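One structure is given here, and the rest of the page talks about it.
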């Protein structure tokens, strides 16, 4: 087993350099949900675990699946295998996963009294299995690539906590937003403090960068987004430990459907913004200037196309960003479960090969 210390030198630090907007030799790439169902080795480990939740809560198995895409592809980062609903689970809402239906919370928040009872969980106690997986994964990586930690945003977590699962209309949580905004604000405050503590514990356990996934921010009006999604993320950014063992720990914010609010997101003091595929990367770069790095933003469905089409679409995004530091290539959201892994290799290798001219000289 590799022993990793504070002085262990990263063999590949492209991601961290790009997040700091420093020069790199090629554009770094990692893929949201890169440790997932599209990989046969993941499916084998998942079957061995017996359930998705058992996979998340068994550090050895979470470490194993985190490392699987790193062994298969020339990716520039690993992201710890976990789920965004670990925090609601630690708050006592009873997380389970229904086959072909997704996550369900047994005790959703349907009244003000239940919201008021919420408490910030102890990250090392109630979520210690995530920290154990992080520590184990850092050791096993041996400095090959950096390790990313993550959490869902307070608004996104609140949608599940109130709805009890996924939703098409978000009627319950939006009803709370408009009818009892003070109750929703309390929920978001407690959740934001929980996320901040959770991410800080991840950094202490070995995460070298962190990302906040605001999957459902895009369903809000502009006014509601600023009050109920962006403000809680700002509360988190303000509490994050951005230095660890003498190194800066970058934070990336990603709001799916958030293209209209990029400047406001950049103003939080984050290091990078994730972009979905509805935003042109050159437009985003003009909007935020040199304040933050940009991550994205290939439509995941491009990976259903033939290799030549995949290369052409990757080339368009690289050309859209152009020369200069601060671009991390990624999909505009998570990879789909039925994608051919060979197509992922085409994308990863193409991004490295095609991007080098933009970083030369």
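Odds and ends about this structure:
- Residue in the range 341-348 that is crowded, with 19+ Cβ neighbours inside 10 Å, assigned to a helix (DSSP H, G or I), touching a strand residue (DSSP E or B) at 6+ places or on another chain (Cβ under 6 Å) and at pLDDT 95 or above present: yes
- Any hit, the range 306-323, residues being surrounded by fewer than 14 Cβ atoms within 10 Å (Cβ to Cβ), over 15 Å from residue 350 (Cα atoms) and either at pLDDT 95 or above or more than 19 Å from the chain's Cα centre (by Cα) (or both): yes
- The single residue among 196, 209, 192 that is surrounded by 20 or more Cβ atoms within 10 Å (Cβ to Cβ), within 24 Å of residue 28 (Cα to Cα) and either modelled with pLDDT of 95 or more or more than 16 Å from the chain's Cα centre (by Cα) (or both) turns out to be 209.
- Of the candidates 22, 47, 41, the single residue that is farther than 24 Å from residue 350 by Cα, surrounded by fewer than 18 Cβ atoms within 10 Å (Cβ to Cβ) and out of contact with any strand residue (DSSP E or B) (no Cβ under 6 Å at 6 or more places or on another chain) is 47.
- Taken as a whole, the range 236-244 holds no residue that is assigned to a strand (DSSP E or B), modelled with pLDDT of 95 or more and either farther than 19 Å from residue 19 by Cβ or within 16 Å of the chain's Cα centre (by Cα) (or both).
- Among the residues making up the range 270-292, those that are outside any loop (DSSP other than H, G, I, E, B) and more than 15 Å from the chain's Cα centre (by Cα) are 281, 282, 283, 284, 285, 286, 287, 288.
- Residues located in the range 66-98, provided they are in a loop (DSSP other than H, G, I, E, B), closer than 27 Å to residue 189 by Cβ and touching a strand residue (DSSP E or B) at 6+ places or on another chain (Cβ under 9 Å): 80, 82, 83, 84, 85, 93, 94
- Selection count where residues are within 19 Å of residue 134 (Cβ to Cβ), in contact with a helix residue (DSSP H, G or I) (Cβ under 8 Å, 6 or more places away or on another chain) and touching a residue at least 60 places away in the same chain (Cβ under 8 Å), scope the range 205-242: 9
- Test: residue 28 is touching a residue at least 40 places away in the same chain (Cβ under 8 Å), closer than 26 Å to residue 343 by Cβ and crowded, with 19+ Cβ neighbours inside 10 Å: yes
- Of all residues making up the range 212-229, the number that are buried (at least 24 other Cβ atoms within 10 Å of the Cβ) and under 18 Å from residue 292 (Cα atoms): 2
The values are calculated or read from the model by the stated rules, or taken from the named source; none is laboratory data. No experiment lies behind these values; they were computed from the predicted model shown. Heads up, the Cβs are rebuilt from the backbone with ideal geometry, glycines too, and the neighbour counts pull from every protein chain shown.
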